[in-house]
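The values are calculated or read from the model by the stated rules, or taken from the named source; none is laboratory data. These figures come from a predicted structure and were not determined experimentally. Quick reminder, even Gly has a Cβ in these numbers, built from the backbone with ideal geometry, and neighbours come from all protein chains shown.
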Amino acid sequence: MNSPDAENKLIEAVKGGSQAAFEQLYKRYKTNLFVVCLRYAKDRSTAEDYLQDTFVKVYKNIEQFDPDKGLFEFWARRIAINVCLEDIRSKKLYTLSISRAEHMEFNESDALSKMSTRELLDMIKTMPVGYRTVFNLYVIDGFSHKEIAERMGIAVGTSKSQLLKARKYLQGLITEQVKVLNQNHG
């Protein structure tokens, strides 16, 4: 079922009301969409809620999907991101206080080479919600600051500021981790 034709047939079956086809679609995309939700959520339970809400919206809006405009996975991914942002925006979770990260300097040029992807993702998850959200949208999902500002209901300058703070925060965590690694192995 990796061909576009097979996927389009599956989507057409879902549009026709087939529960079995929707279950296949769910099984095929749940892991990838869960990873998206997990990047925005404060914890696994919240990510699971986001995933469930994503598939509810996918099901309700499947008629709007047009395979001529792009891949289903990208369409569903946008829905997942929007579900996460709606929750964050509704709870005003992106409002942040000044963090110690603003005062840290990053001096380890090879720090990233010493980190695993999992460690880096775990560090991103510890960021305050506003930092993490803007970081994910800009760095990982490729949104512009203007798009982030529009989606989150904030100023473009706030988006830029949150990204700068997120990077400083992450740099501080990486520096601390490298110091620990150096102490343990050096």
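From the list L38, L33, which one is modelled with pLDDT of 95 or more and hydrophobic (A, V, I, L, M, F, W, C)? Give the steps one after another, and end with the answer.
Details: L38 fails: modelled with pLDDT of 95 or more.
Result: L33 is the single residue among L38, L33 that is modelled with pLDDT of 95 or more and hydrophobic (A, V, I, L, M, F, W, C).
Conditions first: (1) under 25 Å from E86 (Cα atoms); (2) surrounded by fewer than 17 Cβ atoms within 10 Å (Cβ to Cβ). P4 passes all but one, so which condition is the exception?
Among (1) under 25 Å from E86 (Cα atoms); (2) surrounded by fewer than 17 Cβ atoms within 10 Å (Cβ to Cβ), the lone unmet condition for P4 is (1).
Residues being buried (at least 16 other Cβ atoms within 10 Å of the Cβ) and either more than 17 Å from N8 (Cβ to Cβ) or not β-branched (V, I, T) (or both): count how many of those fall in the stretch 58-82. Can you show your working first?
Of all residues in the stretch 58-82, those buried (at least 16 other Cβ atoms within 10 Å of the Cβ) come to 58, 62, 65, 72, 75-77, 79-81.
Applying the additional criterion that residues be either more than 17 Å from N8 (Cβ to Cβ) or not β-branched (V, I, T) (or both) yields 65, 72, 75-77, 79-81.
Going through the stretch 58-82 one residue at a time, the tally reaches 8.
Mind checking which residues of the stretch 25-47 are within 16 Å of K57 (Cα to Cα) and small (G, A, S)?
A47
In the stretch 117-170, what residues are without any contact (Cβ under 8 Å) to a residue 40 or more places away in the chain, within 14 Å of I88 (Cα to Cα) and either among the hydroxyl-bearing types (S, T, Y) or in a loop (DSSP other than H, G, I, E, B) (or both)?
The answer is Y131, and nothing else.
How many of the residues making up the stretch 62-72 are farther than 13 Å from Y26 by Cβ, in contact (Cβ under 8 Å) with a residue 12 or more places away in the chain and in a helix (DSSP H, G or I)?
Of the residues in that region, 2 qualify.
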